[in-house]
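To keep things clear, I will list the structure first and then write my remarks on it.
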Amino acid sequence: DQQVKQNSPSLSVQEGRISILNCDYTNSMFDYFLWYKKYPAEGPTFLISISSIKDKNEDGRFTVFLNKSAKHLSLHIVPSQPGDSAVYFCAASGGGADGLTFGKGTHLIIQP
Amino acid sequence: GAVVSQHPSRVICKSGTSVKIECRSLDFQATTMFWYRQFPKQSLMLMATSNEGSKATYEQGVEKDKFLINHASLTLSTLTVTSAHPEDSSFYICSALRTPNTYGYTFGSGTRLTVV
């Protein structure tokens with residue numbers, strides 16, 4: 001069973017507008033969540049993360065929101081830029097030395 | 001910043017042969033390294049966790065005799081795909097954890113393995 005779900009395989013957003021990528025999880029033991037950006041045939045690049053004790057974390061154009069009761073998190077990118085076009089993965093960790101559980105990714109396409 | 005080097009970036013091998021993939025943390029010591037596999041349009045799936053000087057811990061469904069992991073030093077972990085078959089063709093990615101409980105995961109650039 002998939003413990004981290006990204007239900008939108010792709011998302012198209014106009015340049016300058018807000019991109020909202022969603023992620024749901026089922027395992028209540030997850031205590032840390034991360035977002036990665038990835039291009040084909042490359043490793044993931046870390047974007048932003050959030051601890052389960054917080055509900056929001058902001059870094060420049062990127063903001064991650066966590067709704068623990070709904071087991072839902074979202075990544076907001078504003079304003080969206082052409083260079084943001086990539087696959088975005090949501091990942092979760094259940095402990096400080098555990099590997100990550102990834103969602104299937106959302107392909108974000110920023111249109112000019 | 002922390003850098004993880006993964007080599008080779010791309011390898012093609014014949015069915016039945018073995019392939020070794022290296023993962024090095026260049027400017028930090030990694031207490032723990034992880035190996036992931038990604039099939040096309042799929043998620044990154046954790047294969048195993050390796051700690052320096054001890055045996056790797058494999059995820060359910062991953063054959064430890066097929067995917068040999070060696071973590072001989074705090075800066076190097078290797079994954080050897082033994083007796084490779086076409087179904088082992090995939091994108092393999094390593095990740096190094098700088099310090100436990102900091103969630104500071106750094107990923108390598110990945111290795112595209114094609115078994116023909």
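Among the cysteines of the protein assembly as shown, those with no neighbouring cysteine Cβ under 4.7 Å are B:Cys13.
Residues A:Val13, B:Val3, arranged from fewest to most other Cβ atoms within 10 angstrom of their Cβ, appear as B:Val3, A:Val13. Spin-label model, B:Ser18 to A:Asn7: label points 7 Å out along the Cα-to-beta-carbon direction sit 4.6 nm apart. Return a whole-number percent for the relative contact order of chain A, with Cα pairs under 8 Å and 6 or more residues apart as the contact set. This gives 37 percent for chain A.
Run the reach check for A:Lys54 against lysines, Cα to Cα strictly under 26 Å, same-chain hits fewer than 8 apart removed. What comes back? Qualifying lysines at Cα under 26 Å: A:Lys5, A:Lys37, A:Lys38, A:Lys68, A:Lys71, A:Lys104. Computed from the C-alpha gyration tensor, the three semi-axes of the ellipsoid equivalent to chain A are 23, 15, 12 Å, from longest to shortest.
Since only A:Ser69, B:Met45, A:Thr106 are under comparison, the one whose Cα sits farthest along the positive direction of the charge dipole of the protein assembly as shown, derived from C-beta charges on Lys, Arg, Asp and Glu, is A:Thr106.
Among rounded, prolate and oblate, which fits the protein assembly as shown when a ≥ b ≥ c are the square roots of the eigenvalues of its C-alpha gyration tensor, a/c under 1.5 means rounded, and a/b larger than b/c means prolate? Taking the square roots of the gyration eigenvalues as a ≥ b ≥ c, the protein assembly as shown is prolate. The tail of the calculated P(r) for chain B beyond 19 Å holds 40 percent of all Cα-Cα pairs.
For the range B:26-89, the spread of Cα coordinates along the three principal axes comes to 33, 25, 20 Å, biggest extent given first.
For the segment B:40-46, counting C-beta atoms of other chains within 10 Å of every residue's C-beta and taking the mean gives 6. Pairs of Cα atoms nearer than 8 Å and 6+ residues apart set the relative contact order; for the range B:8-98 it is 40 percent.
Basic side chains Lys and Arg get +1 at the Cβ, acidic Asp and Glu get -1 at the Cβ, and with that the dipole of chain A about its Cα centre reaches some 140 debye.
Per residue of peptide A:100-107, the mean number of Cβ atoms on other chains within 10 Å of the residue Cβ is 4.
Note that the range B:50-64 has calculated 3J(HN,Hα) couplings of 10, 10, 4, x, 10, 6, 6, 9, 9, 6, 4, x, 9, 7, 5 Hz, one per residue in order, obtained from phi through the Karplus relation 6.51 cos²θ - 1.76 cosθ + 1.60 (θ = phi - 60°); glycine and proline are x.
Just so you know, all these numbers are worked out from the coordinates, no wet-lab data involved. Just so you know, these numbers come straight off a predicted model, no measurement behind them. Because the Cβ atoms are built from the backbone with ideal geometry, glycine has one as well, and the counts that use them run over all protein chains shown.
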